[in-house]
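A quick write-up on the structure given underneath.
The values are calculated or read from the model by the stated rules, or taken from the named source; none is laboratory data. The shown structure was predicted, so the numbers you read here are calculated from the model rather than taken from an experiment. Positions of Cβ are generated from backbone atoms using ideal geometry, with glycine treated the same way; all protein chains shown enter the neighbour counts. Only protein heavy atoms, including side chains, enter the accessible area calculation; ligands, DNA and RNA are left aside. Shrake-Rupley method; radii C 1.70, N 1.55, O 1.52, S 1.80 Å.
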Amino acid sequence: MKLTVSLTCLRTFKLTDRCQPGRYFDVYLKKCMNCSRGSYQPNRAENFCFRCPDNKTTLDTGATDISECLGKYDSYLPVVF
């Protein structure tokens, strides 16, 4: 059996594969972009970001975990005892 893969498909896969957590591959711009505020991406090589649940947001762009999604009354600073 012969397998044929287009060069365009391979090139897109390789570009997408470079996107690290907190980033997604923009298919129109053909480059990795930070997830916007209010979203996160824990995986690499994705072309989307997850929205934070329950009207939560992130402090900055490029969040890598849902734990970075904070609500209006969540503490933004670590508690020191």
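Summary table below
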{"read-out": "Nonlocal amide H pairs with L70, under 5 Å, H built at 1.01 Å", "value": "T57, T58"}
{"read-out": "Exposure ranking of Y40, Y24 by accessible area [1.4 Å probe, largest first]", "value": "Y24, Y40"}
{"read-out": "Spacing of the two label points (7 Å from each Cα toward its C-beta) at K56 and S36, in nm", "value": "2.0 nm"}
{"read-out": "Contour minus Cα-Cα distance for N47 and L29 (0.36 nm per residue)", "value": "5.3 nm"}
